[in-house]
Amino acid sequence: MLNSNLLRKLDMQDLMVFVAVYEQSSVTEVSEALCVSQSTVSYCLKKLRTSFEDELFVNTRSGMRPTSKATAMYSHILKILKTINICHSGIEAFDPTQKERVFNVCAPEYFELLILPKLVKCFIGSRLPVIINITKFHRDIPAEELMDGRFDLVICFGPNLHRGGKGLRSQVLLEDELICVVDKNFTLTQEDFSLETFAACQHVFPTPWTSDTNMIDGWLARQGYTRQIVARANSYVAALNMISGTDFILTLPRRIQALTCDEHKFSHRRAPTGLPNFTLEMMWSEKPSLDNANIWFREQIVKVCAEDGLL
């Protein structure tokens, strides 16, 4: 927003006249350089003086001399014109081949298993000096770390499963559903679980992020049910090992089930009707969103998801 309504009357030509007068000190030379009449230059100077509430340039025997305010304004006006030119020509693309770049990402295990391996192989195959550091996702969006640059990107589940913060932007990467995985010799034979049967069984709880509950427990609570959790695991694979040879249930994302479950050891059942799907989202700060490297990195993640049919 502008500090004064007077500034709304300015246009690009006025700013160009300001720079030209500052650099050439002559209305005549400015009119010739900009291919406009001297009266136009004078009119632009009048608008500038009114808008900035300062004389800006004083006419002397040796030419137009800037006031102290004009001198202070000069570098800022140059930046404005430079930024406008960048907007017109397009922001210079990030070149990942030039030097090593480290991206710090906060993400759950889901991202590490499903997307990260393909992303890393893509960088290695293209001989790009890119390093990705992953930190495990906790209960809430690390908004402060995103804003101050400690994290370049946060990968989280949605929609609205975690508390975020102002000044953050997000993009949905994919959607997935939950499926119940059981031991191959699981005693219940039905192809899907009723809500009552599901709640009555014993469950192993994987912790893709640090939390005592997840979306399943929230959904059960809204239906008036709870479930018995007999063990918690730090990873999907560890949770799978816990249900082997038991009647425990492990509720996994379908994509993770397809990736990790040995069909000779495990089978799966449809989850209770009404258990909602979820999304995987990436989130970043608006402040560094103009960082070309950050934009490039997000584009590579979307590209990997598209090429692998995840979108």
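The values are calculated or read from the model by the stated rules, or taken from the named source; none is laboratory data. Because the structure is predicted, anything quoted here is derived from the model rather than measured. Here Cβ is always computed from backbone atoms with ideal geometry, including for glycine, and neighbour counts include all displayed protein chains.
A compact table of results
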quantity	calculated
In the stretch 25-55, the residues that are in contact (Cβ under 8 Å) with a residue 40 or more places away in the chain and more than 14 Å from Ile77 (Cβ to Cβ)	Ser25, Thr50, Glu53
Top-ranked residue of the stretch 1-48 - restricted to ones that are part of a helix (DSSP H, G or I) and acidic (Asp, Glu), ranked as farthest from Thr67 (Cα to Cα)	Glu32
Failed item, numbered, when Ser39 is tested on (1) over 45 Å from the mean Cα position of the chain (by Cα); (2) surrounded by 12 or more Cβ atoms within 10 Å (Cβ to Cβ)	(2)
Residues that are surrounded by 12 or more Cβ atoms within 10 Å (Cβ to Cβ) and among the basic types (Lys, Arg), drawn from the stretch 121-138	Lys136
Odd one out for Ser62, checked against (1) of a type in the set (Ser, Thr, Tyr); (2) surrounded by 10 or more Cβ atoms within 10 Å (Cβ to Cβ); (3) touching a residue at least 12 places away in the same chain (Cβ under 8 Å)	(2)
Residue match in the stretch 20-37 (condition: modelled with pLDDT of 90 or more and either more than 17 Å from Leu81 (Cβ to Cβ) or not assigned by TED's automatic domain parsing to the domain that holds Leu81 (or both))	yes
Residue in the stretch 271-288 that is of a type in the set (A, V, I, L, M), under 19 Å from Asp183 (Cβ atoms) and surrounded by 15 or more Cβ atoms within 10 Å (Cβ to Cβ) present	yes
Pairs where the first residue, in the stretch 231-246, is in contact (Cβ under 8 Å) with a residue 60 or more places away in the chain and the second is among the aliphatic types (A, V, I, L, M), C-beta under 8 Å, 6+ apart	Tyr236/Leu113; Tyr236/Leu252; Tyr236/Ile256; Ile243/Val181; Ile243/Val182; Ile243/Val204; Ile243/Ile249; Ile243/Leu250
Inter-residue pairs, beta-carbon under 9 Å, first part of a loop (DSSP other than H, G, I, E, B) and in the stretch 293-311, second surrounded by 17 or more Cβ atoms within 10 Å (Cβ to Cβ) and of a type in the set (Asp, Glu), 6+ apart	Leu310/Asp176
Identity of the residue in the stretch 94-115, among the aliphatic types (A, V, I, L, M) and assigned to a strand (DSSP E or B), that ends up surrounded by the most Cβ atoms within 10 Å (Cβ to Cβ)	Ala107
Condition check for Pro129: within 25 Å of Ile256 (Cβ to Cβ), assigned by TED's automatic domain parsing to the domain that holds Ile301 and without any contact (Cβ under 8 Å) to a residue 60 or more places away in the chain	no
Residue match in the stretch 84-93 (condition: in contact (Cβ under 8 Å) with a residue 24 or more places away in the chain and either surrounded by 14 or more Cβ atoms within 10 Å (Cβ to Cβ) or touching a Cys at 6+ places or on another chain (Cβ under 9 Å) (or both))	no
